[in-house]
Every structure is written in C-alpha cells, then in structure tokens.
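Only one structure is covered here, and it is reproduced in the block below.
The values are calculated or read from the model by the stated rules, or taken from the named source; none is laboratory data. It should be emphasised that the depicted structure is a prediction, and the values quoted were computed from it without experimental measurement. Here the Cβ positions follow ideal geometry from the backbone for every residue, glycine too, while neighbour counts run over all protein chains shown. We work out accessible area using only protein heavy atoms, side chains counted, and drop any ligands, DNA or RNA first. Shrake-Rupley method; radii C 1.70, N 1.55, O 1.52, S 1.80 Å.
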Amino acid sequence: EGAEMDAASRLECPSWAWERFRAAYGDGVDAELRALQLDAPLDLRVNTLKATRHEALTAIRSAGFAAERTPYSPVGIRLPSRAVALGAIPGLREGVVDPQDEGSQLVALLLGAKPGEHVVDYCAGAGGKTLALAAQMRNKGRLVAMDVDHA
C-alpha cells in the first residue's frame, strides 16, 4: 500500500461512499472497510423435514469439513470458506442441506409460518426462503412463491 494513496482508495471504498463510512464509523472506518474485504463463509440451511442440524453437522464433519453451527439460526451450519465443491458436501444433493446465508434463514424463521397456513413469498428469487418456509409448514398449507424477476 503506497503512502501516497488516499485512504478511500487504499481501503477500496468508492468515493461516493467514503464520507458516509467515515461519519458512521469514525476512527473505526479502517477496520470496518477491511472487514468488508474478507471472504464470506458458506452458510447452509438444514432441511428439517429430512434431518436435524446435529445429524447434518455430524455428517458434514465426518466428511472432513470444518463446520460449525451458525451463531443465530437454529437450522444453520457454517463452513469457513466458500471455496468448496458444493456437490462434495454430504446431504446437499439429497436436499438435506441447501446453501443459504444466515440472514435469509433468520428472515424465514422470523415469519413463523405454521402448518396449514397460507403464505406468499413476494421476494422468492431462487426460492431458498420459500423452501425454508415449506419446511416450517411441514409441507402442509399453501405457499406461493413470487418475484418481480422473471427468471
């Protein structure tokens, strides 16, 4: 890192965002922006219709993966790196686990969908939260997945 480089450039922060970051984090702005440059972990959601988190975690660890429980989601498993061949993760091909970040897991859990309810997911995207809601509903009820993107 060259001393002649300004802080925003050195920390890879766009010029339009620099003042907001500085205002929000003050003296901690360097640490916050460096944290944003770190690789994100790979979070998995356990399909509770097929296994418990303990069962899925045990299988993943037995296959040699350094896996841990997610700190907040009771159905999440975290791998420290995304540099993983997804097909090598035990249970992924069988639908026991699905890649889903912990934040999305928490959104689905906070809804608290129950069997027999009618639920509409208006931001379904690829369907990860919809699958989580279906598991919460124990596949009983009506679940409609919608999104503004036609994909």
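Below are the figures for this structure:
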quantity	calculated
Sum of side-chain charges, residue 144 neighbourhood, beta-carbon under 12 Å (Lys, Arg +1; Asp, Glu -1)	-2
About the Cα centre, charge dipole magnitude for region 1-144 (Lys/Arg +1, Asp/Glu -1 at Cβ), debye	1020
Shape category assigned to region 93-151 from the gyration tensor of Cα positions, a/c cut at 1.5	rounded
Rounded D (µm²/s) - the chain, Kirkwood Rh over Cα pairs, Stokes-Einstein at 20 °C, 1.002 mPa s	120
Net +/- balance of residues flanking residue 42 in space, Cβ distance below 13 Å, scoring K and R +1, D and E -1	-3
Accessible-area composition of the chain, carbon plus sulfur, in percent [1.4 Å probe]	55
Qualifying chymotrypsin sites (Phe, Trp or Tyr not before Pro) in region 5-80, DSSP loop, other Cβ atoms within 10 Å at most 12	72
Span per principal axis, largest first, for the Cα atoms of region 1-61 (Å)	55, 23, 19
Using θ = phi - 60° and Karplus 6.51 cos²θ - 1.76 cosθ + 1.60, couplings along region 98-111 (whole Hz; Gly, Pro as x)	9, x, 6, 5, 4, x, 5, 4, 5, 4, 5, 5, 5, 5
Nearest-ten-degree value, helix 53-62 long axis tilted from longest Cα axis of the chain	70
Restricting region 46-151 to GluC sites (Glu not before Pro) in coil, as DSSP defines it, with at most 12 other Cβ within 10 Å	94
Region 9-53: GluC sites (Glu not before Pro) in DSSP loop, at most 15 other beta carbons within 10 Å	12
Per residue accessible area in Å² of region 79-128, where ligands, DNA and RNA are left out and the probe is 1.4 Å	58
Accessible area per residue in Å² at 1.4 Å probe, computed on region 1-41	79
Mean-position separation - Cα centroids, region 13-35 and region 74-151, in angstrom	33
